[in-house]
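The values are calculated or read from the model by the stated rules, or taken from the named source; none is laboratory data. In this text the structure is predicted, and so the values were computed from the model without any measurement. Note that each Cβ is placed from the backbone with ideal geometry, even for glycine, and that neighbours are counted across all protein chains shown.
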Amino acid sequence: MTGTLRTLFHILRTMRPAQWVKNLFVTAPVLFAKEHTAADPSLLLQALLATVVFILLSGAVYVMNDVLDVEKDRSHPVRRARPVASGALSIQAAVAGGLSALALAFGTGALLGPAFVLIATGYLGLNIFYSSVFKKIAWLDVLSIATGFVLRILAGCFAIGLAPAEISYYLILCTFLIALFLAIGKRRHELALLGDASGTHRSVLDQYRLHHLDVGLYAVGALTVAAYALYTVSERTRTYFGTWHLAWTVPFVVLGIVRFLVILRRASERRSPTDVMIRDLAFVGNALLWGAVVAWAIYG
């Protein structure tokens, strides 16, 4: 492998391909916007283009974080193997790669309209504040992560031309809650894994307590299931889709929550639970079944 290809490979690794699945939240609105999608199937292409934009944006953010956290990552048992921390990718090359991803993201995003670009800019701004300020403040850090997922949903809505009044605020609430649940779980795993040394790897962990994270985790998990169940049976949902069958998808959400908790409680697991989650056959299988039943309930 030539030097240039090796650098591109390490930039790609730094952009976390395994995490790109999170940007499927950008695609979610086109699935639930039945009337728009049925009338104009080309909206699927716009949704996919919006997803690619957010893959580039989130990848640039990961590069920025690795550059800023390079010294802490070098003392972390897992993150020290990342290209920037290990020295496989120079800081200069990482910065150049991140800026190129940003330029390509906004150049492509301009094709999807000013509202989409505004949300994408807000997402980037949120992540800049997160990396510099919010990630150092307990609970504000996980709230910022959850807000990033809400912005993904809004971006997907505006990418397919939905008006603000057409956006389901239950969908926004459910997205915020499930993202908050996963973020709290990740913090709990880090605190349990690193113990007394946690603050040297992520300073905000010194402000957390396992008991408080457990309370937050189970409370938010329960709220997520409740909010999603209410969404499936709400009058607006039943009227818009012309069916109550979306309620059949609630058990899959419950199983997903429970499976994540099982993954989180594995004492020997050193990898982030969100990394394990997207490679776990039971979790992925349940998510695919959920998607299939949602498609059947809405379009079947």
Boolean, VAL276 is surrounded by 16 or more Cβ atoms within 10 Å (Cβ to Cβ), free of Cβ contacts under 8 Å to residues at least 40 places away in the same chain and in a helix (DSSP H, G or I): yes
Against the conditions (1) on the phi > 0 side of the Ramachandran plot; (2) under 18 Å from the mean Cα position of the chain (by Cα), where does GLY113 fall short? Just the number, please. (2)
Inside the stretch 1-89, counting only helices (runs of 4 or more DSSP H) that do not spill past its ends, which hold 3 or more residues that are farther than 19 Å from LEU112 by Cβ? 3-14, 34-39, 43-68, 70-73, 83-86
Taking the criterion of being assigned to a helix (DSSP H, G or I) and over 18 Å from the mean Cα position of the chain (by Cα), would at least one residue in the stretch 259-271 satisfy it? yes
Pairs please, first residue from the stretch 137-156 and assigned by TED's automatic domain parsing to the domain that holds GLY59, second anywhere and at pLDDT below 95 and charged (D, E, K, R), Cβ atoms under 6 Å, 6+ apart in sequence or on different chains. ASP141/LYS135
How many of the residues making up the stretch 53-87 are in contact with a Ser or Thr (Cβ under 7 Å, 6 or more places away or on another chain), buried (at least 16 other Cβ atoms within 10 Å of the Cβ) and among the aliphatic types (A, V, I, L, M)? 4
